[in-house]
Amino acid sequence: MAFGEHTSKSIIGTRSKELIEKKIILCVTGSVAAIRSPDIARELMRLGADVYVVMTKMAEHIVHPDMLHWATGNPVVTELTGEIEHVLYGGEHRQHADLILVAPSTANTIGKAAAGIDDTPVTTLLTTAIGAGIPVIIAPAMHVSMYKHTIVDENIRKLQRIGIEVLMPRFEEGKAKIPGTEEIIEAVVRKLTMPQDFKGKRILITAGPTREYIDAFRYITNPSSGKMGVAIADEALERGAMVTMIYGPATVPPPPNSKVIKIETTEEMLDAVVNELKAEKYDVAILSAAASDWGPVDRKMEKMPSSKGDWVLRLKALPKIIAEVKKADPNVFLIGFKAEYNITEKELIDRSYERLKEMKMDLIVANDVSKVGRGFNVDTNEVYMIDPKRDVIHIPLTSKKEIAGMLLNRVKDQTKA
């Protein structure tokens, strides 16, 4: 520690160097959860970050600025002065902060940030930093009913749509609680260390099942949860891509920072994919959805009576979505998924490679869903990635998040070649 340096800075980098030389601005607003802010600051410091604090007047009623000065070893901004602190920390210049973290954030601050209102040091800093393209993470802390307010929800979604990461609360004991310190720290580390190797790239992803109606409301479907597509979308967003999801009626929600087009049937998914590829220039199309291959020849818009007895359905083959992708955009990098059931590894690879060639894919991801922990409605999978040269990468049973990362790495490698 250098002579004259604040003693609290001696903890910087004592746990790891993940955030070394990173400057993080911790914004504190008037929630009782502000008592957690000193701990958050010091955990970031232990990973190497230099932390500066900006507070609202209401936050000073919860935690004294002197406490945060002690915690970080840096002066605390409680009002904007001739130093133009909002520009110093969040302006368009080389010395600006690496990340702005608002923890905790009140609904008041969220609403003002969403509307571009600048009447506190925190909101003025946020407007400046967002305009400068500095990463922002917000950890809301408010009463549980406030999250149910339509306008509060719209404000959160508005911030998410412009790329701000919002860490939603834990709901415990009938209360909405700010995410744990560890979760907040992990989000900061991920944001600052994830490579931005897909920045500026546009990726189209299909995810989830489709439904084929047999009468007014009964339908044929499959157990797809959408988890694989969501994992890929999350990974792509974290690596800087702009993501559009063509999303069937899945059980997990799509990432809030993606453009989402909701569909139900295979034909609706096909139309959405083709329309997007013709309307926008996409770099990559990843068809991870489990679109139905068969649908009823006729659909009667009535409820078939349960007293009918036997009911014979006549099915027809539905169009293959992947067959239309290269017709809509011959230059898009196309990735397909193929699920098989209880076949040998050789059969799986052979069948998948034939499908890859037939549909002019650039990569295919294959798996056998007959095995436990693989495929539908689970968080794990075992897959084989096959390219046009028949090079095969086997990924043993692991999380879909890990597979998503390896898949995008493969895309990056193949598009460089």
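Here are a few things to note about the model shown:
- Selection status of Asp215, more than 30 Å from Ser31 (Cβ to Cβ) and in contact (Cβ under 8 Å) with a residue 60 or more places away in the chain: yes
- For Lys303, the stated conditions do not hold, so it cannot be described as surrounded by fewer than 19 Cβ atoms within 10 Å (Cβ to Cβ), farther than 24 Å from Asn222 by Cα, charged (D, E, K, R) and touching a residue at least 40 places away in the same chain (Cβ under 8 Å).
- In the set Ala339, Ala366, only one residue is in contact with a strand residue (DSSP E or B) (Cβ under 9 Å, 6 or more places away or on another chain), assigned by TED's automatic domain parsing to the domain that holds Pro223, at pLDDT below 95 and closer than 22 Å to Gly208 by Cβ; that residue is Ala339.
- Pairing residues of segment 36-58 that are without any contact (Cβ under 8 Å) to a residue 12 or more places away in the chain with residues that are surrounded by fewer than 24 Cβ atoms within 10 Å (Cβ to Cβ) and of a type in the set (Lys, Arg), at Cβ distances under 9 Å and at least 6 apart in sequence or on separate chains, gives no pairs at all.
Condition check ((1) surrounded by fewer than 20 Cβ atoms within 10 Å (Cβ to Cβ); (2) within 22 Å of Glu85 (Cα to Cα)) across all residues:
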site	(1), (2)
Gly131	yes, yes
Ile134	no, yes
Val144	yes, no
Glu154	yes, no
Ile162	yes, no
Pro169	yes, no
Lys177	yes, no
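- Residue count for segment 340-372 satisfying the condition of being under 23 Å from the mean Cα position of the chain (by Cα) and loosely packed, with under 15 Cβ neighbours inside 10 Å: 0.
- Hey, Ala113 over 28 Å from Gly48 (Cα atoms), within 22 Å of the chain's Cα centre (by Cα) and at pLDDT 95 or above or not: yes
Yes/no per residue for (1) surrounded by fewer than 19 Cβ atoms within 10 Å (Cβ to Cβ); (2) over 21 Å from Asp215 (Cα atoms):
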| position | (1), (2) |
| --- | --- |
| Val260 | yes, yes |
| Thr266 | no, no |
| Val274 | yes, yes |
| Lys278 | yes, yes |
| Ser288 | no, yes |
| Leu313 | yes, no |
| Ile321 | no, yes |
| Lys326 | yes, yes |
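- Residue list for segment 186-233, filter: surrounded by 20 or more Cβ atoms within 10 Å (Cβ to Cβ) and either of a type in the set (Val, Ile, Thr) or over 30 Å from Ile263 (Cβ atoms) (or both): Val188, Ile203, Ile205, Thr206, Thr210, Val230, Ile232
- Cβ-Cβ contacts under 9 Å between residues 6 or more apart (or on different chains), taken from a first residue in segment 136-147 that is in contact (Cβ under 8 Å) with a residue 40 or more places away in the chain to a second residue that is among the polar types (S, T, N, Q) and assigned to a strand (DSSP E or B), are listed as Ala139/Ser105; Ala141/Ser105; Met142/Ser105.
- Filtered by the rule that a residue be surrounded by fewer than 16 Cβ atoms within 10 Å (Cβ to Cβ) and either assigned to a loop (DSSP other than H, G, I, E, B) or in contact with a helix residue (DSSP H, G or I) (Cβ under 6 Å, 6 or more places away or on another chain) (or both), segment 53-66 gives Lys57, His64.
- Test result for Thr72, surrounded by 17 or more Cβ atoms within 10 Å (Cβ to Cβ), at pLDDT 95 or above, within 29 Å of the chain's Cα centre (by Cα) and hydroxyl-bearing (Ser, Thr, Tyr): no
- Where strands (runs of 3 or more DSSP E) fall entirely within segment 104-187, none has at least 3 residues that are in the same structural domain as Asp234 (by TED's automatic domain parsing).
- Filter result for the condition that a residue is surrounded by 16 or more Cβ atoms within 10 Å (Cβ to Cβ), within 26 Å of the chain's Cα centre (by Cα) and part of a helix (DSSP H, G or I), over Leu101, Leu19, Leu44, Leu88: Leu44
- Flag for Gly240 being in contact (Cβ under 8 Å) with a residue 40 or more places away in the chain, surrounded by fewer than 20 Cβ atoms within 10 Å (Cβ to Cβ) and closer than 23 Å to Asp413 by Cα: yes
- Yes/no for Leu44 being closer than 25 Å to Gly131 by Cβ, out of contact with any helix residue (DSSP H, G or I) (no Cβ under 6 Å at 6 or more places or on another chain) and assigned by TED's automatic domain parsing to the domain that holds Gly180: yes
The values are calculated or read from the model by the stated rules, or taken from the named source; none is laboratory data. What you see is a predicted model; the values in this text were computed from it and never measured. Glycine gets a Cβ as well: all are built from the backbone with ideal geometry, and neighbour counts include every protein chain shown.
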